[in-house]
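Okay, so here's the structure we're looking at.
The values are calculated or read from the model by the stated rules, or taken from the named source; none is laboratory data. On a predicted model such as this, the values are computed, not experimentally measured, just so you know. All Cβ positions, even for glycine, are placed from backbone atoms using ideal geometry, and neighbour counts span all protein chains on display. Please note that ligands, DNA and RNA were not included when accessible areas were found on the heavy atoms of the full protein model with its side chains. Shrake-Rupley method; radii C 1.70, N 1.55, O 1.52, S 1.80 Å.
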Amino acid sequence: MSLQGIYLASRALNAHQRALETTGQNIANVNTPGYSRQVTALRSVSSADSTTLAGVSNGVGGGVDASIILRSHASWLDRSTDSLRAQVGDAAIASQLATRIEGVTGEPSDTGLQASLDRFFTAFQAVADRPNDSTLRTAAVRSATQVADRFQQAFFDLDAVQSEVQDGVESNIHQLNSLTQQIAGLSRTIGSAQAVGQPASELLDQRDQLLNQLTQLTGAQVSGRDGGDLVVSVGGITLVQDGEAQTIQLGPDGSPSLTDGTKLVASAGELGYRLKAVQQEIPSHKSRLMAIRDTLATQVNQLHATGTDRTGAAGGPVFVFDSGGTMSVSAVLQGDSNRLAIGDGTAGDGAVAGTISQLRNQPSILPAYQTLVGEVGTRVSFAKQRLEMTQASLTQLETMQSSESGVNLDEELATMVAQQHIYAASARLLSTYDQMLDTLIQRTGV
């Protein structure tokens, strides 16, 4: 009698014990974020590996063997989910920034710049109507001071927002370097494990979680997810390859680059939008606001210079700028509102003040500011809608991935029961062969 039956039953016990352990691993990790369901791949042992005591194959076969642990992962969705994660990261920062700038603008509000401009033009119209009223002159100078202060506060707040976003860029760079170093380390470990035929499913899951964070952060392009030969690039620059990671640093101009000075162009994800905000959006907003301020100051000063004050002197500048570009009302007017040149010097003439009040309709001043405020509001609404849509699309794809790679307890329990019965049957088979051998030995005296 051949020992093949014992080998066959023994292999079956080992194979289905391993399969049962894999099922247990799945059940244990049912709530683990990023865990991909594992499956034990069973293969039949060929008759060439099944021999008699004489070393001759009997052609029956050698049972079953647990050849490898497979990782159930919807890799065909990776590229799409990577793209959407980058869009979600981009949209999230866009929404935050738009909301932040809207808060800085503070419109509509009684304390906002638009209200200050309205009061300024209204005050000069009041002076034009009653040029001999000293109280109205004082009110006009005070309204000009409020306008200057409100412009300066707006620039101060925008500078604060820009500093916040730049701090966010620095934090993103630290996070980027940490992620790429961890990803590179895992890639080396995964490559070593796979090279000797060891499963690396849990390591691949861990690395995928890090890659998800990286793509949302930078919009990174990823290839070779299933092995140790992973390649990660951002903006055409390879950051991870052959288990090694490049280090990113911030240059003097606040732009990220490699240690050799090569610029890193991150155009997507959280980092991409923060860079865009620092380099383009916030400076553009400040530039447009500054153009409105400068136009107001230039035109008011030009008109004021055409009039005369109560002393008969020509009107000096209403708005002045210091060496740092900060606008304020001239010290002369702040000290004496009678120096406000509202007309041609004739008693009761307020034509110059009236002309200044008409700047309210100048397209490059108040209407331009209203347009800017309207665009900020539109940007806030659009950014929120884009975030909601991209997040919904990402959730849909993640649900599809989960249906492919997630653990279903009902399915695992059904598999466990089946494996339990197979294991019990294999044990019974082994016991039967043991009894047969015992009978043979006892009755033949072997």
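Taking R130, R37 and ordering them by how much accessible surface each has at a 1.4 Å probe, largest first, produces R130, R37. Accessible area of the chain with a 1.4 Å probe: how many percent of it is carbon plus sulfur? For the chain, the apolar C and S fraction of the accessible surface comes to 52 percent. Dipole magnitude for the range 311-436: about 440 debye, using +1 per Lys or Arg Cβ and -1 per Asp or Glu Cβ, origin at the Cα centre. Listed by chain and number, the aspartates and glutamates placed with their C-alpha closer than 16 angstrom to that of K263 are E170, D253; residues fewer than eight positions away on the same chain are left out.
Model label points for T238 and T399, set 7 angstrom from Cα along the Cα-to-Cβ axis, are 3.9 nm apart. Think of the range 240-394 as having a plus end and a minus end, set by charges on the Cβ of Lys, Arg, Asp and Glu; of T308, L258, A245, T308 sits farthest toward the positive end of this dipole.
Projected onto its three principal axes, the C-alpha set of the range 244-303 covers 66, 22, 10 Å, listed from the longest axis down. For the chain, the convex hull spanned by the alpha carbon atoms encloses 164 Å³ per residue. Using a Förster distance of 45 angstrom, determine the FRET efficiency expected from the C-beta separation of T371 and I68, and round it to 0.05. Computed FRET efficiency for T371 and I68 comes out at 0.10. Extending 7 Å from Cα along the Cβ direction at N14 and again at L250 yields two label points whose distance is 5.8 nm. For the chain, a simple Cβ point-charge model (Lys and Arg +1, Asp and Glu -1, everything else neutral) yields a dipole of about 240 debye relative to the Cα centre.
Each 10 Å bin, from zero up to the one with the longest distance, holds this percent of the alpha carbon pairs of the range 167-306: 11, 34, 22, 13, 8, 6, 4, 2, 0.
Applying 1/(1 + (r/R0)^6) with R0 = 25 Å to the Cβ-Cβ distance of N338 and S364 gives a FRET efficiency near 0.25. Rounded to the nearest 10 square angstrom, T399 shows an accessible area of 90 square angstrom against a 1.4 Å probe. Length, then width, then depth: along the principal axes, the Cα atoms of the range 296-446 run 141, 30, 17 Å. Solvent-accessible area per residue in the chain equals 49 Å², computed with a 1.4 angstrom probe and all protein chains kept. The GluC sites (Glu not before Pro) of the range 80-170 include none that DSSP puts in a loop with a beta carbon having at most 11 other beta carbons within 10 Å. Extension gain, S381 to S163: 0.36 nm times the residue separation minus the Cα-Cα distance gives 76.1 nm.
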